[in-house]
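The values are calculated or read from the model by the stated rules, or taken from the named source; none is laboratory data. Given the structure is predicted, the values throughout are model-derived calculations rather than measurements. Quick reminder, even Gly has a Cβ in these numbers, built from the backbone with ideal geometry, and neighbours come from all protein chains shown. We work out accessible area using only protein heavy atoms, side chains counted, and drop any ligands, DNA or RNA first. Shrake-Rupley method; radii C 1.70, N 1.55, O 1.52, S 1.80 Å.
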Amino acid sequence: MMNGDEIRKRYAAGERDFSGADLSGTSLSGADLQRVGLWRGNLSKANLVGTNLSGADLFGVSLSEANLSRAVLCGANLSEADLRLSILQGANLRAALYNEATKFPANFDPKLAGAYLIAPGGELDEASLSGIDLSNANLKGASLIRADLWKTNLREANLSQANLSRAHLIGTDFNGADLSGASLKESNLLGADLRSTNLLSTELTGAIYDETTQFPQDFNPEAAGAYLITPGAALVGVNLNGVNLGGVDLSEASLRETDLRGANLFGITLRRANLRGAKLSGSILWEAELIGADLRGADLSGSDLWLADFREADLSRADLSKSNLFGVDFRDANLIEVNLQGAIYNEMTQFPEGFEPTVSGAYLIAPNASLQGVNLTATDMRGANLSGADLSRAKLFGANLQEAILEATKLEEALYNKVTQFPEGFDPIKSGAYLIAPGVSLQGVNLGEADFSGADLSKTNLMSANLGNVTLENIKIEGAIYDEATQFPEGFDPTIGGAYLIAPGTSLKEANLSKAELGGVDLSQANLSKASLSYVDLWGANLSQANLEGANLEGANLLGANLTGANLSEAYLKGANLDGADLSEANLKGVDLSQVDLEGAILNGSIMPDGTVHN
């Protein structure tokens, strides 16, 4: 029987195969045993707290009653392993593999933990299985749509009838595997090894391969509908949406009107390629080489072109709106009628002599830049130097400003949401920016001429806010609260979108105001019958003569509230705080007051739950 110290020393010396080892009861807490081989070993009752077993071969291992708290089992093979009665609190099983014979503790769901069931008919769509050993696995009929199998070992695996359409299969080893009847439609087979693979009735329509991809002898991938990725390739009008072609050479290739939307083209070589009318919106072209390329009329909107080389390229009438042009080289390029509306560039970006990007609608992202009121929604400004820049009233919804330099940057009245990313430790609110998100408070804020188009203002507090000149097209405002002092644009009716007017005498029948902050408001004589007011804060509010019949006030804070003459009959008040509230002449008929805090409450003349009048 091996002890913990021995396995640590042997592992540190480079040994990895400990198949069949008896380590029952051993303490390996905190040990780094990545990719260790413990096939059919015994780790029952072992102390594996915080142990790193990522990528480990734990096939058939007994882990019964083992303590795996906070252990890392990412990518580990748990097929046929016995984990009954083991402790898995805080364990990371992301991308761990198991099969139908694996035994987990009662009520433990490996799928919810991110583990993958390797079995016939398994559902592995978009699974991350790169570099994992799945040799001899039975995945007959499994669904692996868009799965990441980069350099995965699938030698001798049964993948007959499996669906691998649009899967990432770069460098995958299929040697000897059964792919009969499988779908590899639009998959990426660059550098894959399919020698000795059964490809009978395999669908390869739209799949891509290169000169390093190995097929069975006499198999013609082009005849099967696959596309060869190589310099000078003819790919006119082909659908390569979302494909990964990072680093490939497609110099002088014909890609006219080809669909490359959302594609990863990092470091690609497209020197003198024909991309006329190509669809490249949302694609990543970091450090791409497009010298002399024909991009007339191409759509590159929203694309990321960091450090791309477009020297001598023809971009006339191309659409580069909302694209990132940091460090791009456009020297000697043809930019006639190019659309740069909303694109961003920095001081490293080089344009043709005499070309003024701001005239075409682009924005300079640089120290002291003037970006006042600019729409920078979803713009990637990571690492940008914006020190001293003016972004007041700018729209930053979903913008990425991680690691950006924001020293002395003006952000007064700029708008951002919960998806916006700022540098670590940076507080935009302290700089005067406004968080626009469901449930936030904009009480009393003057929002000037801000553009809220498409913003989610549901359940926000707009009391006394000035939105008179704000663009509110297609906003969500359901459950938001406002008062008579709130200013909206002329002709805008907030009630149509489901907002609630907080004012004396208003009708809020059956309104959902749960958890709303309504401290000190005046709702005297308001109709709140059957309204949902659970956990609402009505501290010091004026609810005199209000109709609260059948309202849900569970956990509501009514501390010091004025409820004189209010109708609370049949209201639900469990856990409500009525300390110091004035309930003089209020109607409490049918109310259960057993779990209500009435300390200091005034009940003079109130109709009590049993119908009697309180003296």
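Some notes on this structure:
- For region 440-500, the square roots a ≥ b ≥ c of the C-alpha gyration tensor eigenvalues yield an a/c under 1.5, which makes the shape rounded.
- Local electrostatic count, G41, Cβ distance below 10 Å [Lys/Arg +1, Asp/Glu -1]: -1
- Protein accessible area in the chain, 1.4 Å probe - carbon and sulfur %: 43 percent
- Remark: the A223-Q34 segment gains 63.7 nm on full extension, using 0.36 nm per residue and subtracting the alpha carbon distance.
- Each listed q (0.12 Å⁻¹) maps to a log10 I(q)/I(0) for the chain from the Debye sum over equal C-alpha point scatterers, namely -1.12.
- Total charge dipole magnitude, region 1-59, about the Cα centre, Cβ charges on Lys, Arg, Asp, Glu only, Debye to nearest 20: 60 debye
- Bridging of K322 to lysines at a Cα separation below 20 Å is possible for K279, K395, once same-chain residues fewer than 8 apart are set aside.
- Relative packing of peptides 519-527, 596-604, 185-193 - highest average C-beta neighbours within 10 Å first: 185-193, 519-527, 596-604
- Label point 7 Å beyond Cα of D332 along Cβ direction - residues of region 268-304 with amide nitrogen under 20 Å: 269-275, 287-296
- Each other residue within a Cβ distance under 14 Å of G454 adds +1 if Lys or Arg and -1 if Asp or Glu, for a net charge of -1.
- The GluC sites (Glu not before Pro) found in region 214-266 that occupy coil by DSSP, while having at most 10 further C-beta atoms within 10 Å, are E222.
- Surface analysis of region 13-155 yields an accessible area of 45 Å² per residue, using protein heavy atoms and a 1.4 Å probe.
- DSSP beta bridges confined to region 325-415 are antiparallel in about 0 percent of cases.
- FRET efficiency for F355 and S441, using Cβ-Cβ distance with R0 set to 45 Å, rounded to 0.05: 0.45
- Convex hull volume of region 487-615 per residue (C-alpha atoms, cubic angstrom): 81 Å³
- Loop sites in region 1-94: GluC sites (Glu not before Pro), DSSP, at most 12 other Cβ within 10 Å: E15
- Largest accessible area first, the residues W150, W286 order themselves as W150, W286 under a 1.4 Å probe with ligands, DNA and RNA left out.
- For region 304-360 versus region 20-79, the gap between their alpha-carbon centres in whole angstrom: 54 Å
- A simple spin-label model places the labels of S594 and K103 4.8 nm from each other, with each point 7 Å out along Cα-to-Cβ.
- Derived scalar couplings ³J(HN,Hα) [region 152-163; Karplus, 6.51 cos²θ - 1.76 cosθ + 1.60; whole Hz; x for Gly, Pro]: 7, 8, 10, 4, 6, 6, 9, 10, 4, 6, 6, 9
- Sum of -39500 (n - 2.57) over DSSP H runs of 4+, divided by residues of the chain (222 nm, nearest 500): -500 deg cm²/dmol
- Cα-Cα over 32 Å, subset of K410/K476; K103/K418; K111/K185: K103/K418
- Cα gyration tensor shape for region 123-193, rounded if a/c is under 1.5, else prolate or oblate: rounded
- Against the empirical curve 2.2 N^0.38 Å, the C-alpha radius of gyration of region 312-388 lands at a ratio of 1.06.
- Cα centroid separation, region 437-511 to region 287-302 (Å): 44 Å
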